[in-house]
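Encoded as structure tokens, the structure appears first; notes follow it.
Laboratory data are not the source of any read-out in this text; all were calculated from the coordinates shown. It should be emphasised that the depicted structure is a prediction, and the values quoted were computed from it without experimental measurement. Neighbour counts are summed over all protein chains in view; Cβ atoms, including those assigned to glycine, are modelled from backbone coordinates with ideal geometry.
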Amino acid sequence: MPALTNNMIFVFVNLGLNVLLVHGVSDFHGRVLWSGMGYIGSPIATSISRILQLFFFWLYTCAIKKLHQKTWPPFEWETFSCNRISKFCKVGVPTTFGNAIESWQLQVITLFASKMGRLQVATMSGVFQVFTVLHCFAFGLAKATNVRVGFHLGAGKAKLAKQASLVSISMAFVIGAIVTIVLIATRQVAGKIYSSDPQVWELHSKISVFTAIGYLGVSLLISFTATLLGQARPLWVVLIGFICAWGISVPLAWFLGLRIHMGIRGLWIALCVGYGMFSLLTGIVVATSSWEKCAEQALKRSEATEQLLYRKEDEEEQ
């Protein structure tokens with residue numbers, strides 16, 4: 001809740017700073033007191049709001065509420081041992097590359113769209129923005145999945161961790177299916193959300209079926225990857241993501257979109273195929289997971305006592 005409150009406040013702070021730095025200030029009589037900075041004011045405003053957002057979040061959680069004291073040990077140089085840093089990097093570095101692989105894939109495919117003309121890149125960018133908004137459901141589930149799976153594994157409760165993952169995947173499928181149906185049903189009007197160009201509306205309607213299918217695949221994928229990250233197994237996400245993004249999606253997008261001139265429809269077919277394979281393979285890895293082994297490894301990483309390694313009786317009571 002502190003994070004949600006902080007984020008919501010700075011939505012309006014960012015909006016206000018953007019209006020101020022881009023358009024300037026006028027008095028009640030319409031006289032311009034300051035003409036603003038124009039376009040460059042927008043990134044400056046966003047950067048300022050992000051820095052302030054971090055500062056106030058730290059101020060509330062650490063300086064005022066001191067929420068960190070319940071779990072953070074006293075600062076000691078022994079905390080930063082090579083063994084602990086190595087354990088952290090084994091999870092953090094692959095996760096970073098996994099995010100980069102997918103992000104760069106989307107950027108490259110957007111560049112493919114830019115070679116097709118103004119209409120195509122405008123539609124592609126608009127659809128991506130709609131996806132970003134709609135994926136708040138999937139990302140919210142992913143955050144919960146990551147936390148709950150990691151929490152239960154860290155307590156040695158493999159069964160509860162598995163149940164948390166199943167709940168997430170089931171909810172992701174149901175919500176993804178509902179959004180998919182809505183996207184297909186509103187394909188004739190959805191383009192008006194982000195554009196006033198009738199040509200963009202028409203092109204959006206032609207690719208809506210593919211974008212809707214892609215949304216369902218990505219929703220499931222996000223829950224699968226969140227489970228793997230909760231298990232501290234990001235290497236699977238990196239390997240599968242690299243194969244599917246750069247071995248399937250990007251080459252297929254180039255071939256369909258630019259080589260045989262299927263246009264933006266070809267780009268989305270490529271994305272659907274790539275994300276479909278990504279979702280399928282990560283789903284197989286999750287389904288074949290050894291949850292007991294993941295729990296044991298989680299306890300070892302957290303340097304828990306041996307008495308916590310197998311708390312099966314407590315888990316069965318739960």
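Residue ranges 67-77, 152-162, 246-256 sort as 152-162, 246-256, 67-77 when ordered by packing (mean number of other C-beta atoms within 10 Å per residue, highest first). Charge dipole of region 1-102 (Cα centre as origin; +1 on each Lys and Arg Cβ, -1 on each Asp and Glu Cβ, all else neutral): 260 debye, rounded to the nearest 20.
Note on region 92-153: Cα Rg divided by 2.2 N^0.38 Å, N the number of residues, gives 1.49. Each of S86, A45, G16 was placed along the dipole of region 1-123 (beta-carbon charges, centred on the mean Cα), and the one lying farthest toward the positive end is S86.
Reducing region 114-178 and region 256-302 to their Cα centroids gives an inter-centroid distance of 12 Å. The charge dipole of the chain, taken about the Cα centre with unit charges on the Cβ atoms of Lys, Arg (+1) and Asp, Glu (-1), comes to about 400 debye, rounded to the nearest 20. Sorting L119, L59, L228, L21 from the fewest to the most surrounding beta carbons within 10 angstrom yields L59, L119, L21, L228. Taking the longest Cα principal axis of the chain as reference, the axis of helix 158-185 is set at about 10 degrees. By the Stokes-Einstein formula, at 1.567 mPa s and 4 °C, region 1-121 with its Kirkwood radius over alpha-carbon pairs has D equal to 68 µm²/s. What do you get for the angle between helix 136-154 and the principal long axis of the chain? Use alpha-carbon atoms, 0 to 90 degrees, nearest ten. Helix 136-154 and the main axis of the chain meet at about 10 degrees. When the listed pairs K87/K143; K65/K90; K87/K293 are checked against a 28 Å cut-off, the alpha-carbon distance exceeds it for K65/K90. So if I average 1/r over every pair of distinct C-alpha atoms in region 2-70 and take the inverse, what Kirkwood radius in Å does that give? Computed over region 2-70, the radius equals 13.5 Å.
All Cα-Cα distances of region 146-251, cut into 10 Å bins from zero to the largest, leave 15, 30, 29, 19, 7, 1 percent in each bin in turn. For region 85-317, compute the orientation-averaged projected area of the C-alpha convex hull (one quarter of its surface), in nm². Over all viewing directions, region 85-317 projects a mean Cα-hull area of 13.1 nm².
Under the convention that each Lys and Arg Cβ holds +1 and each Asp and Glu Cβ holds -1, the size of the dipole of region 15-171 around its Cα centre is about 560 debye. May I ask for the angle, rounded to the nearest 10°, between helix 118-134 and the longest principal axis of the chain, with both axes built from Cα atoms and the value confined to 0 to 90°? Orientation of helix 118-134: about 40 degrees from the principal axis.
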